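Enquirer: To start, I am sharing the structure in question, which I have written as structure tokens.
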Amino acid sequence: MKIELVPSILSSDFSQLGAQAQQASEGGGSVLHVDVMDGHFVPNLTVGPPVVRSLRKVIQVPMDCHLMIENPDLFIPEFAEAGADWISVHQEACEHLDRTLHLISSHGCKPGVVINPATPVEMLTEVLDLVHHVLVMSVNPGFGGQKFIPNSLNKIAALARMRGERKLEFRIEVDGGVDLTTVGDVVKAGAELLVAGNAVFGHGDVRSNAAKLLEAARSATFARA
Ligand code: DX5
Ligand code: ZN
């Protein structure tokens with residue numbers, strides 16, 4: 001599985017959003033992560049389809065929309081139409097998760113499912129064959145710049161095992177607290193899509209932050225079990 005850096009615009013300077021997103025891809029970010037929050041499912045508000053539509057004009061890489069919202073079915077068509085490539089929904093927010101994942105596919109997007117830190121991977125047993133990616137939250141969703149929760153490593157490793165045993169192909173994504181000190185461990189545990197907000201956009205040069213993080217992630221693959 002290919003290691004990819006997935007910069008999260010949540011920590012970017014929104015007055016320079018297009019330029020910063022481009023710098024992150026120049027530094028090696030090959031997918032762009034857009035955090036969508038509704039103030040209900042998580043205690044914060046962010047952006048919606050208009051921002052996705054604007055980014056689509058200046059960004060060549062796939063856009064990974066992480067919906068931290070209630071009733072995602074209501075908004076999936078609009079995100080797809082705005083230019084989302086991947087759409088992920090929280091297991092905790094979906095009463096009819098199977099239906100929601102099919103809805104995402106029916107709009108031409110790659111479906112992903114997300115679990116919060118307190119949700120066990122076993123909750124996903126019945127949908128693993130439907131998803132393009134599983135996103136393991138390694139912080140409680142809602143804010144950038146939080147501390148990585150170490151038990152996420154066990155969840156990533158368990159998912160990698162389940163994937164091998166069942167010969168499935170979903171990709172494993174991790175989101176929250178990924179930086180130069182934690183990226184090696186998440187890669188060794190089996191994650192390959194590495195979301196990073198603060199570590200890329202929080203300080204210093206976006207391009208070189210991205211490049212250093214990707215380099216650290218790739219060097220950890222050599223140490224994988
Ligand atoms: C948090 C978001 C993350 C956030 C991660 O709810 O889902 O994508 O941007 O930020 P960092 O990398 O700063 O922990
Ligand atoms: Zn996210």
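Enquirer: Tell me whether the range 177-199 contains one or more residues that are within 19 Å of Val31 (Cβ to Cβ), charged (D, E, K, R) and open to solvent by 40 Å² or more (accessible area, probe 1.4 Å).
Expert: Yes.
Enquirer: Which condition breaks for Gln20 when tested against (1) out of contact with any helix residue (DSSP H, G or I) (no Cβ under 6 Å at 6 or more places or on another chain); (2) more than 16 Å from ligand 2 (Cβ to nearest atom)?
Expert: Among (1) out of contact with any helix residue (DSSP H, G or I) (no Cβ under 6 Å at 6 or more places or on another chain); (2) more than 16 Å from ligand 2 (Cβ to nearest atom), Gln20 violates only (1).
Enquirer: Still on this model: Filtering the range 34-44 down to residues that are within 13 Å of ligand 2 (Cβ to nearest atom) and part of a strand (DSSP E or B), which residue is farthest from the chain's Cα centre (by Cα)?
Expert: Here is the first cut: in the range 34-44, the ones within 13 Å of ligand 2 (Cβ to nearest atom) are 34-37, 41-42, 44.
Imposing the further condition that a residue be part of a strand (DSSP E or B) reduces the set to 34-37.
Working: Val34: 8, Asp35: 8, Val36: 11, Met37: 14 Å.
If we take residues in the range 34-44 being within 13 Å of ligand 2 (Cβ to nearest atom) and part of a strand (DSSP E or B), then Met37 is farthest from the chain's Cα centre (by Cα).
Enquirer: Sort out which residues of the range 133-176 are crowded, with 24+ Cβ neighbours inside 10 Å and out of contact with any helix residue (DSSP H, G or I) (no Cβ under 9 Å at 6 or more places or on another chain), and write them in order of number.
Expert: Residues satisfying the conditions are Leu135, Glu173, Asp175.
Enquirer: Among the basic types (Lys, Arg), within 16 Å of ligand 1 (Cβ to nearest atom) and over 16 Å from the mean Cα position of the chain (by Cα): is that true of Lys188 in this structure?
Expert: When the stated conditions are applied, Lys188 does not pass them.
Enquirer: If we scan the range 128-141, do we find a residue that is more than 16 Å from ligand 2 (Cβ to nearest atom) and either among the charged types (D, E, K, R) or free of Cβ contacts under 8 Å to residues at least 12 places away in the same chain (or both)?
Expert: Checked against the condition, which is being more than 16 Å from ligand 2 (Cβ to nearest atom) and either among the charged types (D, E, K, R) or free of Cβ contacts under 8 Å to residues at least 12 places away in the same chain (or both), the range 128-141 yields at least one hit.
Enquirer: Looking only at residues in the range 142-161 that are away from ligand 1 (no atom under 16 Å from the Cβ) and hydrophobic (A, V, I, L, M, F, W, C), which one is nearest to Leu180 (Cα to Cα)?
Expert: Residue satisfying both the conditions and the ranking: Ala157.
Enquirer: Considering only residues of the range 10-33 that are part of a helix (DSSP H, G or I) and among the hydroxyl-bearing types (Ser, Thr, Tyr), which is most open to solvent (accessible area, probe 1.4 Å)?
Expert: The selected residue is Ser15.
Every residue, every condition in (1) in contact (Cβ under 8 Å) with a residue 60 or more places away in the chain; (2) not small (Gly, Ala, Ser), yes or no:
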{"site": "Val186", "(1), (2)": "no, yes"}
{"site": "Gly202", "(1), (2)": "yes, no"}
{"site": "Leu214", "(1), (2)": "yes, yes"}
{"site": "Thr221", "(1), (2)": "yes, yes"}
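The values are calculated or read from the model by the stated rules, or taken from the named source; none is laboratory data. Quick caveat, the model's predicted, so the values are computed rather than measured. For neighbour counting, all protein chains shown are included, and Cβ atoms are generated from backbone atoms with ideal geometry for every residue, glycine included. Please note that ligands, DNA and RNA were not included when accessible areas were found on the heavy atoms of the full protein model with its side chains. Shrake-Rupley method; radii C 1.70, N 1.55, O 1.52, S 1.80 Å.
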